[in-house]
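Peer 1: Take this structure first; my questions come after.
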Amino acid sequence: MDLIDRLNELAARIKKQKEHTLTEEAAKHAFVLPFLSALGYDVFNPMEVIPELDADHGIKKGEKVDYAIKKDGKIIILIECKGANADLSQVHASQLYRYFSVTEARFGILTNGIIYRFFSDIDEPNKMDSKPFFVFNMLDFAEHQVSELKKF
């Protein structure tokens with residue numbers, strides 16, 4: 001099955017289940033993990049998809065990013081999740097911003113399992129940009145956007 005087919009299948013599930021995934025944990029299990037799996041990541045391998053990665057910074061301890069994607073021994077992507085009905089506001093982006101600054105990852109994703117906002121450090125090296133460079137909506141996507149997703 002091609003990526004676009006897997007995403008269309010997941011989109012159909014999201015339409016049916018989104019009213020029942022209001023908590024962060026529900027969105028992670030029902031939508032985010034299947035999304036990562038569709039992209040080809042082994043969500044059951046904690047050496048590849050790391051849940052609850054420590055992202056302590058400064059005096060604030062106990063900070064954890066929901067998922068980190070590791071490739072060739074390096075953290076490449078951080079993922080911060082919210083409930084399916086959550087508005088992905090700047091407040092949530094600032095949480096990801098803090099995590100981004102204390103890891104080697106060069107991509108951050110803020111998601112509610114439906115909308116995926118992709119951030120990087122395009123404007124200034126080692127500092128996450130305030131605006132996403134790519135936004136993917138599971139309920140409204142085009143084929144060219146799926147091609148962009150394949151890069152991840």
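Any read-out appearing in this document is the output of simple, stated calculations on the displayed coordinates, not a laboratory observation. Because the structure is a prediction, the values reported are computed rather than measured. FYI the Cβ positions are ideal-geometry reconstructions off the backbone, even for glycines, and counts take in every protein chain you see.
Peer 1: Specify the angular offset, from 0 to 90 degrees and rounded to the nearest 10, of the alpha carbon long axis of helix 3-17 from the longest principal axis of the alpha carbons in the chain.
Peer 2: Roughly 90 degrees between the two axes.
Peer 1: Loop only by DSSP, 16 or fewer other Cβ within 10 Å of the Cβ. Give me the GluC sites (Glu not before Pro) in the range 17-46 that pass, ordered by residue number. Intermediate results must be reported in sequence, preceding the final value.
Peer 2: Values: sites: E19, E24, E25; in loops: none.
Loop-located and lightly packed - none at all.
Peer 1: Most mobile of S89, S130, S120 per a Gaussian network model of the chain (Cα springs, under 10 Å)?
Peer 2: S89
Peer 1: What number of lysine-lysine pairs in the range 3-149 show an alpha-carbon separation below 15 angstrom, given a sequence spacing of 8 or more or placement on distinct chains? Don't skip to the end; give the middle numbers.
Peer 2: Numbers: K18/K28; K18/K82; K28/K64; K28/K82; K64/K82.
Value for the range 3-149: 5.
Peer 1: Here's something else I'd like to know. Within 10 Å of each candidate Cβ there may be at most 12 other Cβ atoms; applying that plus a DSSP loop requirement, which chymotrypsin sites (Phe, Trp or Tyr not before Pro) in the range 15-53 survive? Walk me through the numbers before you get to the answer.
Peer 2: Details: sites: F31, F35, Y41, F44; in loops: Y41, F44.
Sparse-neighbourhood loop chymotrypsin sites (Phe, Trp or Tyr not before Pro): F44.
Peer 1: Right, another one. Under a 5 Å amide H to amide H cut-off, with H placed in plane at 1.01 Å, what residues pair with F107 once short-range neighbours are removed?
Peer 2: L78
Peer 1: Place a +1 charge on the Cβ of each Lys and Arg in the range 3-149 and a -1 charge on the Cβ of each Asp and Glu, then give the dipole magnitude about the Cα centre in debye, rounded to the nearest 20.
Peer 2: Details: 18 positive and 23 negative charges, 43 e Å.
Using only the charged Cβ atoms, the result is roughly 200 debye.
Peer 1: Over all alpha-carbon pairs in the chain, figure out the percentage whose distance exceeds 29 Å. Show your work: numbers first, answer last.
Peer 2: Working: 1234 of 11476 pairs.
Result: 11 percent of Cα pairs exceed 29 Å.
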